[in-house]
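First the structure, in the form of structure tokens, and then the observations on it.
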Amino acid sequence: MRAQAGYATKKATNITLSQEVVADAKALGLNLSQTCERLLRETIRMEKERRWAREHADFIVAYNQRVQDEGVVLEQWRTF
């Protein structure tokens with residue numbers, strides 16, 4: 001399957017959901033695939049941010065300490 005411009009290639013995947021969730025989603029006219037993909041993308045984004053922050057925590061602490069000690073670079077020319 002080739003991806004068309006602007007469309008991601010899709011892969012069929014099996015997931016297990018409770019019958020109640022599936023029934024409620026269908027009753028509300030929700031598209032399970034779209035909803036799962038949207039929420040999974042958001043969860044992935046948040047997890048990547050969390051991991052980046054953890055990976056770079058030492059740098060962030062050191063940078064913030066430097067700004068506190070030395071001030072902001074070019075602060076004398078700031079207009080805000």
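The values are calculated or read from the model by the stated rules, or taken from the named source; none is laboratory data. Because the structure is a prediction, the values reported are computed rather than measured. As a convention, Cβ positions derive from the backbone with ideal geometry for all residues, glycine included, and neighbour counts pool all protein chains shown. Side chains are part of the model used for accessible areas, which takes the heavy atoms of the whole protein and leaves out ligands, DNA and RNA. Shrake-Rupley method; radii C 1.70, N 1.55, O 1.52, S 1.80 Å.
Is the shape of the range 36-80 rounded, prolate or oblate, going by the alpha carbon gyration tensor and its root eigenvalues a ≥ b ≥ c, with a/c under 1.5 for rounded and a/b larger than b/c for prolate?
On the way: a/c = 7.06, a/b = 2.22, b/c = 3.17.
Oblate, because a/c is 1.5 or more while a/b does not exceed b/c.
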remark   = Matching label for the computed log10 I(q)/I(0) by the Debye sum over Cα atoms at q = 0.12, 0.22, 0.25, 0.27 Å⁻¹, out of (i) -0.68, -1.13, -1.17, -1.20; (ii) -0.50, -0.90, -1.02, -1.10; (iii) -0.36, -1.07, -1.27, -1.39, is (i)
ask   = At a 1.4 Å probe, what is the % contribution of carbon and sulfur to the accessible area of the chain?
value = 56 percent
inquiry  = Where in the chain is the longest stretch that carries no trypsin sites (Lys or Arg not before Pro) classed as loop by DSSP and with at most 12 other Cβ atoms within 10 Å?
reply    = 12-77
ask   = Which value, in Å², gives the accessible area per residue of the chain when a 1.4 Å probe is used on the protein heavy atoms?
value = 102 Å²
request  = In debye, nearest 20, what is the charge dipole magnitude of the chain about its Cα centre with +1 on Lys and Arg Cβ and -1 on Asp and Glu Cβ, if you could check?
outcome  = 520 debye
inquiry  = Around Leu39, under 13 Å between beta carbons, what's the net of Lys plus Arg minus Asp minus Glu among the other residues?
reply    = 0
query = How much accessible surface does Val22 have with a 1.4 Å probe, in Å² rounded to 10?
reply = 40 Å²
query = Cα axis of helix 57-70 to longest principal axis of the chain: angle in degrees, 0 to 90, nearest 10?
reply = 30 degrees
